[in-house]
Each structure stands twice: as C-alpha cells, then as structure tokens.
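Chemist: Here it is, the structure, as structure tokens.
Bear in mind these aren't lab numbers, they're just calculated from the coordinates by the rules spelled out. In this text the structure is predicted, and so the values were computed from the model without any measurement. FYI the Cβ positions are ideal-geometry reconstructions off the backbone, even for glycines, and counts take in every protein chain you see.
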Amino acid sequence: MPVTVACAIFLTATDRKRLKKVAWGHKSEYRQRVRAQIVLHAAHGRSNAHIARETDLHLDTVRRCRRRFAEQGLAGLRDRQRSGRPSSFTPLQAVEVKALACRLPTESGVPLSRWSCPELAREAVTRGIVTFLSASTVRRWLKTDALKPWQHHSWIFITDPDFHPRAQRVLDLYTRTFEGTALGDDEYPGVTSALPMATWPFSDSPPRSVLLQASCPPRHTGHV
C-alpha cells in the first residue's frame, strides 16, 4: 500500500508573521487560529500525525488544512463559500403573502376579524400563491417587517389594485434587472443608492418600506 507523503510547507517571513499573529492572537476566530497553528507546525517539518496529537485534532483535518495551504497559500485557510439550501419561495411570493396580511380577512371572504399565521398560510395556498406554506414561515416573513395583522392599523392596508406589477418592478430593481434586462454595475448608479436597506435581496424578503412604497399612494399635506 503506497504511503501518502505530507505536503512540504515553506513560509516567507511575511506569511510567518501573519500566521503567528492569527495563531496566538486573542481576537482570532478559533477555526482560523487552529488552521494557522497547523501550518506553523507543518513549516517545522512535523508530520500530520504529530500535528494531530499536538493540536488534538483529527488527522484528516490536519491533512486537509496542510494541503489547502500548500496549494493556495493564505487564501486556502479562509472559509469556503457555502451555497446553503436554496430558497423554497420567491421574493414575490413572500410579498404577496405580506400584502394579504395587510388586508382584513373579511375583504377576502374569510369569516375572521383578524389574521393569524396559520390562517394566512391556508389562505395563501387556497389562492394559489404557494403550493405549501407553514405558519412558522409566515411568522418569520411578517417578523422581518414588523407586521402584526392581529393588530389593526388601517394606514398599512394595501389598496392599490396595481400592487402586483408595481411590487414586481421594485423587486426587479433589487435584483438589478429592469423590464427583464440585467443592469450592470455602471448602469443606473443612482438606483442602488436610492433604494432603502441595500442589504436586501440577501435576506428572505424585501424591507417594509418597499411594500409601502409599492402599495401606498402619496399623501398630500398642503393645499392644492
């Protein structure tokens, strides 16, 4: 059976200084500290088995960290990007459920005085907005925008009959598309800066201000 030879590690003075700072720094993350210690041990010519005993880590962990540094340098010690579980719902579906929560149940023909999360989930499935929806998902969507349909506030009710197309246009801008065309970084630079809460769409749903801007008509405070 062939014997696996450990990757040789050679450090520059700059790399060694940075690794020592991470390995023994009090503010370093634990996983980064461990990886730096593995590389420093390996740079002294120690075997993977010896490093595993010294750091109390699994042999495969030491071998993987050593190989990644040998192939990529300091960049190999960073966390790899994880895609995560794909979203089961589109942003537009979440917006439509929130729009439903902003209307009284009687307007939808539901014999209730106030919406609850289970009732909203059932109504969304009945309307064909989604094929399946749990009450916990509805609760999470509403919580992100501080919506509480069981507390009646008439000013947040969506009365615009063109809510769907208007909301879709706003949502498209957050994904940097306009009328089906992708926007480049140098196109419409003022669009991104003018939109509130630019961290979305990395969250599950758009901010509350997007819903209000798409649904509520402007108020006139002066005399015409």
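Chemist: Report, ordered by chain and residue number, the lysines lying within cross-link reach of residue 143, taken as a straight Cα distance under 21 Å and ignoring same-chain residues fewer than 8 apart.
Modeler: Hits, sequence-local ones excluded: 98.
Chemist: With θ set to phi - 60°, apply the Karplus curve 6.51 cos²θ - 1.76 cosθ + 1.60 along the range 130-139 and write out the HN-Hα couplings as whole Hz, x wherever there is a Gly or Pro.
Modeler: 9, 8, 8, 7, 8, 5, 5, 5, 4, 4
Chemist: Calculate, for residue 175 and residue 122, the FRET efficiency according to 1/(1 + (r/R0)^6) with r their C-beta to C-beta distance and R0 41 Å; round to the nearest 0.05. It would help to have the intermediate numbers written out before the result.
Modeler: Details: r = 29 Å, r/R0 = 0.71.
With a Förster radius of 41 Å, E is 0.90.
Chemist: Under the rule of at least 5 residues apart or a separate chain, name every residue whose amide H is placed under 5 Å from the amide H of residue 177.
Modeler: Those lying under 5 Å, H to H, from residue 177 are 183.
Chemist: So if I take the centroid of the Cα atoms in the range 107-123 and the same for the range 31-51, what is the distance between those two points in Å?
Modeler: Each part's Cα centre sits 59 Å from the other's.
Chemist: List the lysines whose Cα sits under 19 Å from the Cα of residue 27, skipping any in the same chain fewer than 8 residues away.
Modeler: Cα-Cα hits under 19 Å: 17.
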